[in-house]
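Working notes, structure below.
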Amino acid sequence: MRKSVIFLSLVILILIALVAFWSTRNTRISSERTIAKQIVARPADQTSIRTFPPPVSPKLQPSAKPESQVLQIDVQQSAELERQNINWRNARGCDNAEYAVVFSQSENTLRSWTLNNNLVAANRLAWMLLFEEPSHDGRTEAKKVLWQAMVQGSVCAIITYDIYWHRAHDGQREIRHFRGKDYVYYSLNMPKSDAAKRKVLMNDFAWDLVYEMRTGTAPLGGGAFRTFEAWSHFGFSPTAAEYAYACQRANDLYETLQSDREAQGLGPFDNTPQPLTLRFGMTGKPAVGVQCSHWPVSKPGWQAAELHLMQHDGTINPFSVWLAKPEDSDSLGQNQ
C-alpha cells in the first residue's frame, strides 16, 4: 500500500511538472508570436529611424569589468554623443519627433509639406501611396517622391525605396481588409529562372550598398536584400561576378543621385558617417563595401565603446556601441 501511495505521489508530481513546463512554453511562444506580429506590422520607416533599443531594466548597472579594447564613456559625454547621433539622423530625414507629427496627417497635407522640403513627410507620403491608398495605384508617384527625398539627402528614404523596389515595384497589387480598413498588399513577383531570381536579389543588394555609401554602416536589420532572402527561402551564395554587378549598380545609382542633386544646386552629399551604431547582435565591426573593389566614398573606422545613459529615474544604463572614427584616408577605391 505504501509503495502504491509513493508511486501515485511521484506520478502526480511529474504531471504537475509537465503542466508547468507546457504552461511556460506556451506563454513564451505566445509572447514571441505577439512580438513577431508587432514587428511585421510596424511600418518600415518607423523601424528605420530607431536610434536606441527599448530601455533596459532599471536594475541593470554599468559593468565594472575592465575592458582594455572598449572605451568607457561617462554620463556627460554619453549624453553628448546621443545628442549628436539624433541630430545626425534628424538632418537625414529620420526625425523621430517629426515622424510622430506627420504619421496622422492627410495625403494632401503630406504633399504640401513634401513640396516644402520636409523629408520625413516625403517618406510618410510615399509609404501611404504604396500601402494605404487602395483607391488608386500610387507606385509611380511614390517612386518620384522617394527619389527626390534621396536626392535631398534622406537616408530613411533609401530604406523605403529599397522595400518598394523588392516588394512593390512589379508585384501583384491586392486589396486586403484589416481592422476596419482597406490596405494594399503586393505579392512578390519572383521570376521563374534561377538566373533571373539571382539578379533580382543582387539589385536589392545594390540599394543596401547605396545606404552604406551614405551612412558608413549597414541598414538596420541587415537590409532588404538579406530580409528578402530570408522571406523567400531562396538561399544562395553570390558569385564574384554577381557581387561585381551589384557594386557597379550601386555606384551607378549613387552617381545618378549625386548628379540630380548637383543639377538642383544642392552640392555634394554629406557622407559623414553616423556617429554611433549599436553593437547589439554584432560579431564584428561594422563593415561597408567589403565585396566591392571600388568604393566612391571614404570608409569610417570604428571603435568599440560603452555609453552610460542616465534615465529619468536617475538609473544609469549601459549601451554597447561602435563609435565612428575619422575617415580612413586609404579606403577610396580599395577593398578593406
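Only the coordinates and a few stated rules stand behind these numbers; no lab work does. Keep in mind it's a predicted model, so treat the numbers as computed, not measured. Cβ sites come from the backbone with ideal geometry, for glycine too, and all protein chains shown count toward neighbours.
Odds and ends about this structure:
- Here the calculated FRET efficiency for N271 and R83, from their Cβ-Cβ distance with R0 = 30 Å, stands at 0.90, rounded to the nearest 0.05.
- The lysine pair tally for region 95-270, using Cα distances under 28 Å and a gap of 8 or more places or different chains, is 7.
- Full extension of the chain between I175 and T140 yields a length gain of 10.8 nm, computed as 0.36 nm times the residue separation minus the alpha carbon distance.
- Residues of region 236-251 falling in the label zone of S293, defined by backbone nitrogen less than 14 Å from a point 7 Å along Cα to beta-carbon, are 240-249.
- Residue order, fewest to most surrounding Cβ atoms within 10 angstrom, among K143, K299: K143, K299
- Among 301-307, 260-266, 70-76, 175-181, the order from most to least packed when residues are scored by Cβ within 10 Å on average: 301-307, 70-76, 260-266, 175-181
- Potential lengthening between N116 and N96 on full extension [0.36 nm per residue; Cα-Cα distance subtracted]: 5.3 nm
- FRET efficiency, 1/(1 + (r/R0)^6) with R0 45 Å, evaluated for I316 and D252 via beta carbons: 0.45
- Computed E for E132/N189 - FRET, C-beta separation, R0 22 angstrom, nearest 0.05: 0.55
- Only Cα pairs under 8 Å and 6+ residues apart enter the sum, and on that basis the relative contact order of region 95-270 stands at 17 percent.
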